[in-house]
Amino acid sequence: MAGALQAATAALLSSTPLKTYGSYRLRLGSAPRSLAGRKGSFLVVRSDAGFGSGSNARTRPGKLIPNAVATKPDASSSSTSSKPGHELLLFEALREGLDEEMARDPRVCVMGEDVGHYGGSYKVTKGLADKYGDLRVLDTPIAENSFTGMGIGAAMTGLRPVVEGMNMGFLLLAFNQISNNCGMLHYTSGGQFTIPIVIRGPGGVGRQLGAEHSQRLESYFQSIPGLQMVACSTPYNAKGLMKAAIRSENSSCALRALYLLFGGGGDGAPGEHVTILTYSRMRYHVMQAAKTLVNKGYDPEVIDIRSLKPFDLYTIGNSIKKHTPRLQSAIIKEFWDYLDAPIKCLSSQDVPTPYAGTLEDCTVVQPAEIVKAVEDLCK
Amino acid sequence: MAPSCGTGNHPSSLIPRLFIRRLGSIKAGESLSQECDDSNFQVLDFPGGKVNFSSELRFLSESPLERISCYRVLDDYGQIISASNFQQVRKEIALKMYSDMVTLQTMDTIFYEAQRQGRISFYVTTIGEEAINIASAAALSIDDIVIPQYREPGVLLWRGFTLQEFANHNFGNKYDSGKGRQMPVHYGCNKLNYFTVSSTIATQIPHAVGVAFALKMDKKNACAITYFGDGGTSEGDFHAALNFAAVMEVPVIFFCRNNGWAISTPTTEQFRSDGAVIRGQAYGIRSIRVDGNDALAVYNAVHAAREMAISECRPILVEALTYRAGHHSTSDDSTKYRPLDEIEHWRTARDPVSRYRKWIEGNGWWNDEVELNLRSNVRKELLQAIQAAEKTEKPALAELFTDVYDQVPSNLREQEKLLRETIKEHPGDYPPDVPV
């Protein structure tokens, strides 16, 4: 299921590959093919490799090979797509994805606060109202539960709405509609009505936006049956996930980080010592930590899981480090026999996010914390 | 039929209407000029348009001098009120309306009894609101999309949902269109354009706005109609949905069944406004109050509302005053919070079905014998339907896991596998009538 979404993402991206912005300036044309071609990940069964088995830590000299993880070795070396890529920022990537889908399917429409002539609070819908009209890029009054409800009704009548929350925290107001209707009506109607709605918005800790605008709500949404949830972390996967979510027949919740560092490059190389699972903004912290770890002689493997509901356990494989307790329990359940060490879960402190920049930084998992956790695990 | 919403082929042709209103409000930077039309009245430009000035310190009263009056066609004895402004209903429609009201009444009685006998788990009656259900449905076309609360099965009945289908749903058997996944009375039928009932109060109101929005986009010659009670008007969703519908100019009828009670909360404790109708103007919505126990009045009001909604592409609010003559549901005993004689009064003297009956009898279209036959036939058909529904198999186990997503994902497949294995190993712990 998550594989289907990833494969759809991949297929959709292969026609217009993007580069990620940053010092690596990589062409990730190979990634789609590798994701699409992936059957069972070769990460899964690694019982001989000895994860974190202490003093036998094998060193592998330094360079991170910036390809998507979970590739088959031959796919990663295949040539990139024939079409040239172009650089985009994340919001531009989201916009490109949205624009393409709106051009392709007249049923796709956008609704949210300030999405119309203002172009969106984060400029994701900039220019779209001029192109598609006021009705298809609809400005709504301030009532999240209600415009989400409106999106549900429109979806049940055959449209494919994209509901933009100005901040995922505001979608707490929409939680009733999302959990009681979005995820549910397809089921309770006996399959008579589908709700192909996409609910998207930025979330998580940004840059001093205050406690109310820094909520991390993934776990709340993960407990809603019938909902799909994805988190993008690079312009590349943002565009693909946006398109895949719009085309999906299920209700989708698409999170994006409020604040991303640049220079993340591709995912890490397959590693032998430890698997680090991450998503959204944390990807960049993890990549930095991974660099440090490699320099210290460790061999970490980084996976950006992207799909938060359902989890892509296929890709994830064995021993892991992860952020949310939910994934941890799923992994323990599935892969207990393959774990050589207890799973360590790093996440922000259980406090409202403070405003002062220094304090805020301390609530977010920093690369140093990741490095230390890996070191502790591998002792 | 009135032309459908919007002009031209491209959605952008709708831009002018919305755009102009928007421009009107972005004059902030400009003139704060004061024009003197008259030495006593000054007019000023603020965002939102011109307003007259007044030097009088005067507050608007919290309630109007008089309550908004109630539109009525038939008096309490089933006679047309002479000054009444209404549209004549064709005989076949008029008779179908009565027949369906009787069917709804009978259905309610028998299903209620079935619940009391333990044959179904739960039921909600529509007693006292038969005219609202049937007459409003009769005034709509099959293309109009209905987004109900839960006390409007009569609309489904009018559209052709059979007694057997009602029974199948309430028994949750394999022929239920909802596949046995919901409580009784949570009907839904895609092909009859009736959205599946969702228990949450008032969540359907913004859904209806979304439906109307879709109809407007597709330029359909149809409207959306949503029903809710007096209690539902307190929810935030009610407020926002009405506001949205007005701003977005979509063809939706908001039908409030003001039946006096939200479980045990009377309207005096629900709001302090003059019912729901008075609020329409606050949102910029044309509204009407109608006698909900007068089938002809309801028919006329909805008919007119539909015309306006579609031809002018605007929302309309209809408040039907009525009385919830039954309990809230089978889990309620309303004699605990309201006097028995009040309930009896509304069940008898103010019954909408017998009032309408007097009118059709007065036209020479009905008599006692036909009445007896109808009631006995409906009752017989219902009992047979119930018996058949009770005997029918429940939905198969696989249906527990389908329709959560468009395709069954691997985690659910595993869960199904585990469940099947468990049932196989411990059959005694599971109900025998679920087909595996």
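The values are calculated or read from the model by the stated rules, or taken from the named source; none is laboratory data. Computed from a predicted model, the values in this text were never measured in an experiment. Cβ sites come from the backbone with ideal geometry, for glycine too, and all protein chains shown count toward neighbours.
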Item to complete: Would you please name the residue that is surrounded by the most Cβ atoms within 10 Å (Cβ to Cβ), looking only at residues in the stretch B:252-284 that are closer than 16 Å to B:Thr126 by Cα and of a type outside the set (Lys, Arg)?
Response: B:Phe255
Fill in: Residue in the stretch A:212-223 that is touching a strand residue (DSSP E or B) at 6+ places or on another chain (Cβ under 6 Å) and on the phi > 0 side of the Ramachandran plot present
no
Discussion item. I'd like the residue in the stretch B:57-75 that is surrounded by fewer than 15 Cβ atoms within 10 Å (Cβ to Cβ) and within 24 Å of the chain's Cα centre (by Cα) and, out of all such residues, is farthest from B:Ala305 (Cα to Cα).
Written reply: B:Arg67
Worksheet entry | Lone qualifier among B:Asn168, B:Asn190, B:Asn243 - being more than 20 Å from A:Ile152 (Cβ to Cβ) and surrounded by fewer than 24 Cβ atoms within 10 Å (Cβ to Cβ) | B:Asn168
Practice prompt. Would you point out which residue out of B:Val408, B:Val404, B:Val378 is within 36 Å of the chain's Cα centre (by Cα) and in the same structural domain as B:His169 (by TED's automatic domain parsing)?
Written response: B:Val378
Worksheet entry | Matching entry among B:Val197, B:Val209 (being under 30 Å from A:Gly116 (Cα atoms) and assigned by TED's automatic domain parsing to the domain that holds B:Ala276) | B:Val209
Worksheet, complete the sentence: When the stretch A:208-241 is checked residue by residue, the ones that are more than 19 Å from B:Tyr405 (Cβ to Cβ) and surrounded by 22 or more Cβ atoms within 10 Å (Cβ to Cβ) are A:Ser214, A:Cys232, A:Ser233, A:Thr234, A:Pro235, A:Tyr236, A:Asn237, A:Ala238, A:Lys239, A:Gly240
Worksheet item: When residues of the stretch A:350-361 are filtered for being under 23 Å from the mean Cα position of the chain (by Cα) and in a helix (DSSP H, G or I), how many remain?
Response: 2
Worksheet entry | Conditions (1) surrounded by 19 or more Cβ atoms within 10 Å (Cβ to Cβ); (2) part of a loop (DSSP other than H, G, I, E, B); (3) among the aromatic types (Phe, Trp, Tyr); number of the one not met by B:Trp365 | (1)
Item to complete: Taking the residues in the stretch B:165-212 that are part of a helix (DSSP H, G or I) and within 7 Å of chain A (Cβ to nearest Cβ) as candidates, determine which candidate is nearest to A:Met111 (Cα to Cα).
Response: B:Gly210
Discussion item. Would you confirm whether or not the stretch A:200-221 contains a residue that is in contact (Cβ under 8 Å) with a residue 24 or more places away in the chain and within 14 Å of chain B (Cβ to nearest Cβ)?
Written reply: no
Worksheet, complete the sentence: Only one of (1) exposed (fewer than 13 other Cβ atoms within 10 Å of the Cβ); (2) part of a helix (DSSP H, G or I); (3) more than 14 Å from every other protein chain (Cβ to nearest Cβ) does not apply to B:Leu418, and that is (3)
Response to the item:
Being assigned by TED's automatic domain parsing to the domain that holds B:Leu140, within 24 Å of B:Thr330 (Cβ to Cβ) and of a type in the set (Val, Ile, Thr) narrows B:Ile263, B:Ile225 down to just B:Ile263
Worksheet item: Taking the stated definitions as given, is B:Val146 among the hydrophobic types (A, V, I, L, M, F, W, C), over 23 Å from B:Ser264 (Cβ atoms), crowded, with 24+ Cβ neighbours inside 10 Å and within 8 Å of chain A (Cβ to nearest Cβ)?
Response: no
Worksheet item: Could you count how many residues in the stretch B:313-353 are touching a residue at least 12 places away in the same chain (Cβ under 8 Å) and over 17 Å from B:Ile145 (Cα atoms)?
Response: 26
Worksheet item: Going by the structure shown, is B:Ala398 modelled with pLDDT of 90 or more, in a helix (DSSP H, G or I) and within 14 Å of another protein chain (Cβ to nearest Cβ)?
Response: yes
Worksheet, complete the sentence: Flagged in the stretch B:213-236 as modelled with pLDDT under 95 and within 7 Å of chain A (Cβ to nearest Cβ), in numbering order, are B:Met217, B:Gly236
Worksheet item: Inside the stretch B:225-335, counting only helices (runs of 4 or more DSSP H) that do not spill past its ends, which hold 2 or more residues that are aromatic (Phe, Trp, Tyr)?
Response: B:236-248
Discussion item. Please go through the stretch B:193-228 and give me each residue that is surrounded by fewer than 24 Cβ atoms within 10 Å (Cβ to Cβ), out of contact with any Gly (no Cβ under 7 Å at 6 or more places or on another chain) and not small (Gly, Ala, Ser), ordered by number.
Written reply: B:Asn193, B:Thr200, B:Asp218, B:Lys220, B:Asn221
Worksheet item: Just checking, which of A:Gly226, A:Gly183, A:Gly165 is away from every other protein chain (no Cβ under 14 Å) and modelled with pLDDT under 90?
Response: A:Gly165
